[in-house]
Amino acid sequence: MVPLKLAIVGSGPAGFYTASRLLEKVPNAVVDMYEALPVPFGLSRFGVAPDHPEVKNCQDKFVQVAEAPHFRFVGNVCIGRDLTLKSLKDNYNSVVFAYGSSQDRLLNVPGEELPGVFSAREFVGWYNGVPELRALNPPLQDAEDVVIVGNGNVALDVARILLADPTRLKSTDIGEHAYDVLRKSKVKNVRIVGRRGLLQSAFTNKEIRELINEPGTMMKPLADVYINHYKPFVPFLERPIKRLVQIVEKARTNSNDQIAKANQGQGSLPSKQWSLEYLLSPQRFYASSSNPNILSSTLFEVNTLLQKDIKSPSVCRGTGETKSFKTELAFRSIGYKSLPLPGSAELGIPFDEQSGRIPNELGRIAGVPGFYVSGWVKNGPTGVIAKTMWDAFEVAETVLEDLYSHKLDTSSKPGYEGVLPEIKSQPVSWTDWLKIDQEETSRGAAQGKPRAKFTSVNDMLSVL
C-alpha cells in the first residue's frame, strides 16, 4: 500500500492529538505538521497561564508523537504566506486544519479602540512570550482600577496574573519582559463583568476557587442584587452549578468576616481586591483627560434576566438604566474566532464569518474531498485540552473512515519533498526545535525557572 501523506496545519493540541491517532491507526502514514512559528505546541505554550505548569504536561505526549518515525515538524512556515494552500493540496492526500483561533470577538462599543482597552487574548500572549505581542506592554504602572469584560477562564487568568504577587511568578516561565512590567504594576482593584447572572458564568469552579484563594487578595462580597437573581433556583440546580454557588457564598461570608474584623481594628484588608459583577453590558469606554494611555471610566447598561424556571432559557434584556465604574484599563474577554487561510476560497473551502469557523461534519469539510478540520477552527474556541483531545480523535476517525471507504485519493503523492522548493522561509525541523528548547531551558535554569522563552523569531532562529 502506498504511504498516505497527510499535512496538518497547526502544532497545538488539536494538531498533535489528530496526528497521534492517525499514526496509531495507520502505521505507514506520513504526517507532516506545519507551524507558522519556529516553536511547537500552540496554546499549550502560549495560552496556558505560567502558574499552571501542570496543564502543559500534555506536551510530553506531543514529544512522543514528534519522535515517531513517520512524523515531520515543519516550523517557521506560515501557510498562505511562506507556502500556498494549493501546494499542500497538490502534494498531499489529505490536509487537516488545526490552526486555532487568532482573532478577538469585539464588543463594538464606542471607545473600544482607545489605547487603554486591551484584548485578553493578546495580554495572555504577551506574558507568555508570543513574538508578535512582545511590544504590547500595557501601562500597568499607571492603573489601579481594571475592568475585565467577560467571565470565562481566560478572564480569570488575566485577573489572577494582574493581582498576583509578581515574586510568585518569577520562578515560572513567564516572559521576562512581562515580569518587569508586572513588577511595577499599581493594579489594586479588578472587576470581572458578565452580561448575565452568576449561574450563567463561563468560568469553571476550579478557576474561581483558585482566584478566591490567591494570596494577598480578597474577593469583594457578591452584591445582594446578584444573589437575589439566582436564589429562587438554587434548590433545583445541578451539582456543579450548586457547587459554584457554595464556593462564591463561602467566599462572601469570609470576606464579610474580614471586613467586620478590620472595622473593629482587628487587622487590615488586603490592598488588592476583586469582584464579580453581573447583569451589565458595556456601552462606552471613556478616555482619561490627563493620560492618553489609560481610561477614566466604563459605562454599562444594567440588564435584567428573565427566566420562568430552571429548565427555561434565560433571556437577558437591557433596562435602560446605566452604571459607571472607574476604569484605567479594560480587557475584552468575550471569545475568539478563527480566520480563513489565504487561498481557501480559491479551493472552495467554506468559512462562516459569523461563527468564525469552518463548517464541517464530524471534521469533514463538505464539498472539498481530503480536507478536514480539528480543534477551535472546527468547533469555535471552547473547551479545555482534554475536550480538544477527544474531538481530535473523532476527526482522525473521520479521516480513517474516508480512507477505508475509498473516499480519499490514495495515489502516490510527493508530500514534503514536493513542497520544499516552494517554501519561502527557513523551515525549522524537530531537531532544530530541540536546539531552541535546550537553549531556553538552559537560560531558564540560570534564572531559577523552567525555561526562559525567546520572544522574537530572529532570536529563535539565531540558535540554529
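Descriptive notes on the structure:
- Only DSSP H runs of four or more residues enter the estimate; each adds -39500 (n - 2.57), and after division by the residues of the chain the mean residue ellipticity at 222 nm equals -9500 deg cm²/dmol.
- Using the Cβ-Cβ distance between Asp409 and Ser456 with R0 set to 56 Å, the FRET efficiency from 1/(1 + (r/R0)^6) comes to roughly 0.90.
- The stretch between Glu54 and Val315 holds 90.2 nm of extra length on full extension. This uses 0.36 nm per residue minus the Cα-Cα distance.
- Around the Cα centre of the chain, unit charges on the Cβ atoms of Lys, Arg, Asp and Glu (plus for the first two, minus for the last two) sum to a dipole of about 1260 debye.
- Candidates Val395, Pro235, Met460 compared by Cα position along the dipole of the chain: farthest toward the positive end lies Pro235, with charges placed on Cβ.
- Inter-part distance, region 107-156 to region 229-274, computed on C-alpha centroids, equals 27 Å.
- P(r) tail for the chain: Cα pairs beyond 38 Å make up 31% of the total.
- Stretch gain in nm, segment Ser271-Glu144, where the contour uses 0.36 nm per residue and the Cα spacing is subtracted: 44.6 nm
- Burial ranking of peptide ranges 82-93, 212-223, 316-327 (average Cβ count within 10 Å, highest at the top): 82-93, 212-223, 316-327
- Relative contact order [Cα under 8 Å, 6+ residues apart], the chain, whole percent: 24 percent
Every number in this text was worked out from the coordinates using simple rules, so none of it is lab data. Note that the coordinates shown come from a computational prediction; the quantities given were computed from them, not determined experimentally. No Cβ is skipped: glycine too gets one built from the backbone with ideal geometry, and neighbour counts run over all protein chains shown.
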